[in-house]
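To start, the structure under review is shown below, and the notes come after it.
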Amino acid sequence: MPAHPHFRQDFPQLDPPVRTLMGPGPSDIHPRVLQAMAAPTIGHLDPAFLRCMDEIQHLLQQVFQTKNKLTFPVSGTGSAGMECCMVNVIEPGDRVVIAQNGVFGGRMADIAERLGAEVVKIQVPFGQKFEIDAVRTAMAGKPTKLVGVVHAETSTGVLQALPEIAAAAHEVGALLLADCVTSLGGMPVKLDEWGVDLAYSGTQKCLSCPPGLAPVSFSERAVQALKARKTKVVSWYLDVTMLLNYWGGERVYHHTAPINMLYGLREALLIVLEEGLEAVFARHQRHGDMLVAGVEAMGLAMLVPEAYRLPQLNTVVIPDGVDDAAVRRALLQDYNIEIGGGLGDLKGKVWRVGLMGHASRRENVVSFLAALESILLQQGADIQPGAALAAVAKIGA
Ligand SMILES: *Cc1c(COP(=O)(O)O)cnc(C)c1O
């Protein structure tokens, strides 16, 4: 039976608003990525697509700064990458140390518990980093299989340096798992130099790509742990030994690769490497610095001290008496700017302002500061009018 004659009146042409995505992700998509995704879909075993896969793996190794052969994108979002890394090396009864100073460390601990691991948590308040001694203490006494940390905590804006933790983990024969979802493409991620054994990321943060893929990388040490398993990997979909028959040499069907998403990732990686990793990181730092200068000149405070603050995810303390939800609603409705609210312990206490990938641009910093100032003044907040943009102007281009 044909559709009701007025069917399309109830479902008009999809017309999402054009927003500036300055929250915790997804962030603004680079137009070249969307264009690449519109290319014709071909088969996942087509020689032309196999070439594209080789290229993606090669480009991913460069962005992760690794020679790890086992580097490829998992079909799924960042959380699938997290689950993939964990399910492949953790077996029931394994002792696992998870640093939990934000929401995503909590998610790691949850997955480890579901896998039957004995989970030891390092807990510090949201907005703080943890010290290396806490990791050593947690690992002491019994053999530890894995230490899991979040490199760039998107829920708090905290950067956790990895090299020291990797060295401490290796001293006791443990693997280091790092969540690089918000760091990859926004700040240095040097898997080989730092000694990270398992890393995962996501496409929708600093890679300027839509959500849907999770680049992962396994070191030789992680591959050994996988080979030494006594039990079968409990997830069929995320079992790396099977996935590798497709992403590795044999090219055997496992699941249908999300072809057009992979076109997008390929383009996104090319964009990052064309600009140059160092230039990309410097751009993120510069615009993060500009945002902080503006926010502080206005009279607001940042949650995280400068020494371990992420330039791509800025947590701004909400001043007393200001209506959190009303400010974010006005930014979205009146200025088409999306920022994030606080998560977990920080709910209602901070705004999360992302400057990730293609969104890390001076025009976005200036638009956001101008819009925020106007909204706060309307709300009667005690801020310094004009000071934010004056501070940004001093920083230059
Ligand atoms: C966004 C994010 C995730 C989860 O990724 P999804 O794509 O939402 O599944 C995990 N860790 C960190 C640090 C993130 O920022």
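The values are calculated or read from the model by the stated rules, or taken from the named source; none is laboratory data. These numbers come from a predicted model, not from an experiment. All Cβ positions, even for glycine, are placed from backbone atoms using ideal geometry, and neighbour counts span all protein chains on display. Heads up: the accessible areas ignore ligands, DNA and RNA and are worked out on the full protein's heavy atoms, side chains in. Shrake-Rupley method; radii C 1.70, N 1.55, O 1.52, S 1.80 Å.
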Q. Pick from 365, 124, 74: which residue has the top mean-square fluctuation in a GNM of the chain where Cα pairs under 10 Å get a spring?
A. 124
Q) For the pair residue 123 and residue 224, how long in nm is the line joining their label points, each one 7 Å along Cα→Cβ? A) 3.5
Q.
I need the semi-axes of the equivalent ellipsoid of the chain: take the C-alpha gyration tensor, multiply each eigenvalue by 5, square-root it, list largest first in whole angstrom.
A. 35, 29, 19
Q) If you roll a 1.4 Å probe over region 106-151 with all protein chains in place, what percent of the accessible area is carbon or sulfur? A) 49
**Q.** Net dipole in debye of the chain [+1 Lys, Arg Cβ; -1 Asp, Glu Cβ; about Cα centre; nearest 20]
**A.** 600
Q | Per residue accessible area of region 287-372, 1.4 Å probe, in Å² | A | 37
Q. Taking the chain as a Gaussian network, where each spring joins two C-alpha atoms under 10 Å apart, which residue of 127, 116, 102 fluctuates the most?
A. 116
Q. Given +1 on the Cβ of Lys and Arg, -1 on the Cβ of Asp and Glu, and no further charges, what dipole in debye does region 170-322 carry about its Cα centre, rounded to the nearest 20?
A. 600
Q: Take the chain, connect every pair of alpha-carbon atoms lying under 10 Å apart with a spring to form a Gaussian network, then pick out the residue of 151, 170, 255 with the largest mean-square fluctuation.
A: 255
Q) Considering only protein heavy atoms, what per residue accessible area in square angstrom results for region 31-273 with a 1.4 angstrom probe? A) 38
Q) Assuming R0 = 41 Å, what is the FRET efficiency of residue 382 and residue 279, from their Cβ-Cβ distance, to the nearest 0.05? A) 0.55
Q) Just going by the charge dipole of the chain, with Lys and Arg at +1 and Asp and Glu at -1 on Cβ, which of 313, 388, 261 is farthest out on the positive end? A) 261
Q.
Cα atoms only: what Rg and Dmax, in Å, come out for region 152-247?
A. 14.5, 40
(Q) Need one number: % antiparallel among DSSP beta bridges in the chain, to the nearest 5. (A) 50
Q) Near residue 394, which aspartates and glutamates are there with a Cα under 17 Å away, not counting those fewer than 8 places off in the same chain? A) 289, 296, 363
Q) So what is the relative contact order for the chain, in percent, with contacts set as C-alpha pairs under 8 Å and at least six apart? A) 23
(Q) Given the options 178, 96, 279, identify the residue whose Cα lies farthest towards the positive end of the charge dipole of the chain (+1 on Cβ of Lys, Arg; -1 on Cβ of Asp, Glu). (A) 96
Q: As a check on your grasp of the helix formula, calculate [θ] at 222 nm for the chain: sum -39500 (n - 2.57) over DSSP H runs of n ≥ 4, divide by the residue count, round to the nearest 500.
A: -13000 deg cm²/dmol
Q) How high is the FRET efficiency between residue 289 and residue 140 when r is their beta carbon distance and R₀ equals 45 Å, given to the nearest 0.05? A) 0.70
Q: With a Förster radius of 41 Å, plug the Cβ-Cβ distance of residue 242 and residue 131 into 1/(1 + (r/R0)^6) and report the FRET value to the nearest 0.05.
A: 0.55
Q) In terms of modelled amide H atoms, which long-range or inter-chain residues lie less than 5 Å from the amide H of residue 355? A) 313, 314
**Q.** For region 276-395, the spread of Cα positions along each principal axis, largest first, Å
**A.** 42, 33, 27
